[in-house]
1. Could you give the radius of gyration (one decimal) and Dmax (whole number) of the Cα atoms in the protein assembly as shown, in Å?
2. Could you work out the relative contact order of the stretch A:157-218, using alpha carbon pairs under 8 angstrom and six or more residues apart, expressed as a whole percent?
3. Neighbour counts of other C-beta atoms within 10 Å: give me A:115, A:249, A:169 arranged from fewest to most.
4. If I model a spin label as a point 7 Å beyond the Cα along the Cα-Cβ vector, how far apart are those points for residue A:73 and residue B:81 in nm?
5. Translational diffusion coefficient of the stretch B:103-170 at 25 °C, 0.890 mPa s, Stokes-Einstein with Kirkwood Rh over Cα pairs, in µm²/s as a whole number.
6. Given the -39500 (n - 2.57) contribution per DSSP H run of 4+ residues, what per-residue ellipticity at 222 nm results for chain A, rounded to the nearest 500 deg cm²/dmol?
7. In deg cm²/dmol and to the nearest 500, what is the mean residue ellipticity at 222 nm of chain B if only DSSP H runs of at least 4 residues count, each as -39500 (n - 2.57), divided by the residue total?
8. Pop a pseudo-label 7 angstrom from the Cα along the beta-carbon direction at both residue A:54 and residue A:218 and give the gap in nm to one decimal.
C-alpha cells in the first residue's frame with residue numbers, strides 16, 4: 001500500500017485484494033458482541049468534509065471508532081473556512097493538532113492530491129470524494145459487494161460483467177469504479193446519454209453505450225448512478241421523464257437481468273428517476289448492504305494505512321512544494 | 001514461503017513420528033484435565049496453530065468418541081508490535097458456532113517464545129466472549145519468556161539460544177512434519 005489513498009489507480013491488483021481480504025475479516029466483527037478493536041488506539045483521524053455527506057462521513061467515523069482511533073469531525077459549515085480560511089491554513093491547523101490521517105471530501109477535483117503532496121501535513125490522506133474526479137473507497141466497497149455476491153469472496157472479478165448507468169460525467173464513483181474494476185479483471189460498460197459521458201471516456205479501460213436494454217441480459221451487476229442535479233448547470237437531457245424512460249431501471253428492465261445479477265446504487269437515490277422504488281426494494285438490490293460493507297472496507301483502508309509503521313520520509317513525493 | 005523457512009544448517013529436533021506422539025500425549029492430557037471432552041473448544045492461532053488444533057481435536061475424538069469444536073483466532077489486530085512493521089495482512093478468525101461463553105478454551109500454537117502472542121490472543125478472546133477457563137497447548141516451548149505466561153500442555157521443551165530460530169513444519173502447510181532449529185548458539189547463554 002502507498003501512504004495515501006487518492007485514486008483507485010493507486011491500487012494494483014495485490015493491493016486491492018489485500019484491502020478486500022482485510023475487509024472480509026473485519027466484516028466478521030459486525031457479528032460480535034464487542035464491535036471494537038484496539039488497533040488504532042492513540043491515533044487521530046480527521047474527517048475533513050468541505051461538501052455535504054451523510055453516509056461517507058458516518059461510515060468513516062464508524063470505521064475509525066471501531067478501530068479505537070480518536071475522530072475529529074470537521075465540516076466547512078460553521079468552521080473558519082466560512083471566514084475565508086484556505087485549504088493550506090486548515091491543513092496546517094490539523095497538522096499542528098497531530099492528525100495521523102486526514103479523510104477529505106472536497107468539491108474541487110484534486111484537492112486531496114494537493115493536500116497529500118504539498119508537504120502541509122505529515123499523515124496519510126484518504127480521498128473521500130473530490131469534485132467529479134474520484135471516490136476510491138466507494139469503488140472498494142462496490143468491489144467488495146460484487147465479490148461477495150459474484151465470486152464467493154475469493155479472488156478477483158475476472159470476467160464479471162458490470163454495467164454502470166447514468167450520469168457518468170459528474171460521477172466520481174463511476175471513474176473510480178472503472179479503474180478498480182479494470183484492475184480486478186471485470187468488464188465494465190458505461191451506459192449514458194451522449195451528453196453525460198465525459199470527454200476522453202474512450203481512453204478509459206471500459207466500453208460505452210447509449211442503449212441500456214442491450215446491456216442488461218448479460219450483466220452480473222448493474223450499478224445505477226445518481227443524477228447529480230446540483231452539478232448540472234446546462235440542459236444535459238430534455239426532461240426528467242425522458243431520462244427516466246431511457247436510462248432509469250424499472251421493473252421491466254430488472255426482469256431482463258439474469259437471475260444471479262445484483263442491482264447497486266452508491267446513494268443517495270432519486271427514487272423514480274434513475275431507479276424505480278420496486279427495483280430499489282427488490283431482493284436482488286444490495287443497496288443497503290453496500291452501506292454496511294462501506295464500514296468494513298474503510299476499516300480495512302484505515303488499518304492498512306495507519307496500523308503499521310509509518311513510512312519513512314523517503315516515501316514522500318520529492319516533487320512536493322511547500 | 002515454506003521452501004525458504006529452513007536454512008541448510010538446520011538440525012531436526014522432532015521428526016514426524018515424534019510430533020504425532022507429542023500431540024497424542026497432549027490430547028490425553030487435555031481430556032484428563034477436563035475429565036472428558038464436554039465443554040471443550042480448541043482455538044488455533046493462525047497459521048500453524050490451526051492445523052495443530054485440528055490434529056489434537058481429531059485425537060480427542062478418537063479417545064472420547066465425540067467431536068470437539070475447533071476454530072481459529074487471529075491476533076494480528078491485538079499485537080503490541082504493530083507499529084514496528086508495515087501493516088500486516090489479517091488471517092482468518094473462525095469462532096465455532098457454539099461460541100466460547102462458559103466453555104473451556106484451549107489455545108493452540110506451534111511455538112511458545114516471548115509470550116506476547118498469547119497475551120494478544122487473550123485480549124482477542126476477551127472481545128469474543130467469556131470462557132469459563134483458558135488453557136494453552138503448544139507443540140514447542142523454547143523458553144525466553146518476556147511475560148508471565150506459561151503453557152498447560154507442551155509437546156516438547158526445547159532449550160534454545162535467542163539467536164537461534166525454531167522452524168515448525170506441518171504437512172498441511174509445508175508438505176512435511178518436522179521441527180528444526182537453525183542459527184548458531186555460540187557465545188550465548190542457554
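Each reported figure results from applying straightforward, stated rules to the coordinates on display, with no laboratory input. Bear in mind the structure is a predicted one, so any value in this text is a computation, not a measurement. When we count neighbours, we look across all protein chains shown, and the Cβ atoms used for this are built from the backbone with ideal geometry, even at glycine.
1. Just the Cα atoms of the protein assembly as shown yield Rg and Dmax of 26.6, 85 Å.
2. Details: 95 pairs, mean separation 23.8, N = 62.
Averaging sequence separation for qualifying contacts and normalising by length gives 38 percent for the stretch A:157-218.
3. With the sparsest Cβ surroundings first, the list reads A:169, A:115, A:249.
4. For the pair residue A:73/residue B:81, the computed spacing is 3.9 nm.
5. Values: Rh = 12.7 Å.
My calculation gives 193 µm²/s for D.
6. -10000 deg cm²/dmol
7. After summing the helix terms and dividing by residue count, I get -8500 deg cm²/dmol.
8. Rounded to a tenth, the inter-label distance reads 3.8 nm.
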